[in-house]
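The values are calculated or read from the model by the stated rules, or taken from the named source; none is laboratory data. Worth saying up front: this structure is predicted, and the values here are computed from it rather than measured. Glycine gets a Cβ as well: all are built from the backbone with ideal geometry, and neighbour counts include every protein chain shown. Just the protein is used for accessible areas: all its heavy atoms, side chains included, with ligands, DNA and RNA removed. Shrake-Rupley method; radii C 1.70, N 1.55, O 1.52, S 1.80 Å.
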Amino acid sequence: MKLDSMDLASMSLGELQGIVSCLKEPKFRAKQILEWLAVGARPDEMLNIPKKLREKLNGIPFGGAEIIEQRFSSKDDTVKMLYELSDGNIVEGVLMRYSYGSTLCISTQAGCRMGCAFCASTLNGRVRNLTAGEMLSEVTSVERMFPHEEGRKRTVTNIVMMGSGEPLDNYDNTLRFLERATASDGLGISPRNISLSTCGLVPEIYRFIDNAPHVTLCISLHAPNNEIRDRLMPINHRYRMEELIPAAKCYADRTGRRVIFEYALVDGVNASEECAKELAERLRGINCHVNLIPLNSVKERSLNGVTRKHAYTFAGWLEKMHISATVRRELGTDIDGACGQLRNKYSERNGIGTDTNEPQSRIFDEISSKNSLQEQEESK
Ligand code: SAH
């Protein structure tokens, strides 16, 4: 077993059994450890485990994400969090509390290399991928900080992978996270209650159909045509809309799950009635829904959102053309709710530099050569 690529927090029963057997400990210890991991406990807290074994477990990287700052919105029940990873990197998460439960938005990478023109997470490039254990710890840390109400099994009932990072650019860790998050001996959250948002890595969407739990797939589309999408999202130069939309349709057809298209309305760019018409034509025949949001203006970018009133008008245009659409509730606007904003402020305050200086062209070359390598492997 390759231990160096895996952290304790992300291990399955079989993997833990491998470890306890290597350490010549009885097999039942693996199940005990797993129960502790499901509630985010560190080895030192695993009180029914002998001290000697706990010390050995301490020698394995844990994959923790510790909450170091919280901001409570005064407008709604949103809490924004900063997590610190074991190497000092910072990522963010948002907890949105509703009457039926809570949705946690988690990050999958520190920073992001996708370069979307409106997104604060990508301003300084990608620093590193999060491990599956770190993603799981984002959830369990919140559960420890906000214990669940009586009668509920857990605090976090829904997860959206919409924090910083591109989950499909961190494919293996994302898959392992989803396996553990949905397993009954893991977090036990139904795939129906998990959404994964991607900017549109087409080969990974197809792989995902075949080997991941069938979660809700959200595609950040943000444009009705290639011309506008090219301006907003560099990934569109690599995977054109002619490839992306069929991949989304395939996901919907094969999984029976409605695909969500996210569409941030940018004033003077993608928000006209013409755009709504073109978008409706593109999406015709797909089991889908459009989630509209007025672009959250980011001070570092010179793109501005439309008014909420205009967003409702745009939704009306789509509905008239039989495309289901809603305007997303705006949460936590007073606490830097948009992707990457709080982390960037923290980094500025604390003088943390994150610039990796990866040029965009090289990034997408790397992604595509990785994909063709995978394709070669698969066709063997
Ligand atoms: N990389 C993934 C997930 C992270 S971003 C993706 O691209 O989908 C989560 C969502 O927030 C995406 O739809 C993204 O396009 C959107 N987003 C980022 N910055 C935004 C902003 N300033 N205003 C509105 N939506 C934004």
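Between the residues 222, 285, 266, the greatest Cα displacement towards the positive end of the dipole of segment 218-300, with unit charges on the Cβ of Lys, Arg, Asp and Glu, is found for 285.
Once every Cα of segment 230-272 carries one equal point scatterer and solvent is ignored, give the base-10 log of I(q)/I(0) from the Debye formula at q = 0.21, 0.25, 0.31 Å⁻¹, two decimals. For the requested q values the scattering log ratios are -0.84, -0.97, -1.05.
Entry note: the chain has Rg to Rh equal to 0.97, where both radii use alpha-carbon atoms and Rh is the Kirkwood radius.
Quick check for me: using +1 on Lys/Arg Cβ and -1 on Asp/Glu Cβ, what's the dipole size of the chain about its Cα centre, in debye to the nearest 20? Approximately 680 debye in magnitude. Relative to the longest principal axis of the Cα atoms of the chain, the long axis of helix 241-255 lies at roughly 50 degrees. Could you tell me how many degrees, from 0 to 90 and to the nearest 10, lie between the Cα long axis of helix 28-37 and the main elongation axis, the longest principal axis, of the Cα atoms of the chain? Approximately 40 degrees, to the nearest ten.
Rounded to the nearest 10 degrees, the inclination of helix 132-145 to the longest alpha-carbon principal axis of the chain is 80 degrees.
If R0 is 45 Å, the Cβ-Cβ spacing of residue 98 and residue 28 corresponds to a FRET efficiency of close to 0.70. For residue 284 and residue 172, the FRET efficiency from 1/(1 + (r/R0)^6), where r spans their Cβ atoms and R0 equals 30 Å, is about 0.30.
Taking only the alpha carbons of segment 74-129, we obtain Rg and Dmax values of 13.4, 37 Å in that order. Hey, what D do you get for segment 6-98 in µm²/s if you plug the Kirkwood alpha-carbon radius into Stokes-Einstein at 37 °C and 0.692 mPa s? For these conditions, the coefficient is 220 µm²/s. Rolling a 1.4 Å probe over the protein heavy atoms gives the chain an accessible area of 44 Å² per residue.
Full extension of the chain between residue 51 and residue 145 yields a length gain of 31.3 nm, computed as 0.36 nm times the residue separation minus the alpha carbon distance.
Here the simple spin-label model places points 7 Å from the Cα toward Cβ, and for residue 313 and residue 206 these points are separated by 4.1 nm.
Contact order normalised by length for segment 146-266, with contacts defined as Cα pairs under 8 Å and 6 or more residues apart; what percent is it? 23 percent. For the pair segment 70-113 and segment 22-66, the centres of their Cα atoms are 26 angstrom apart.
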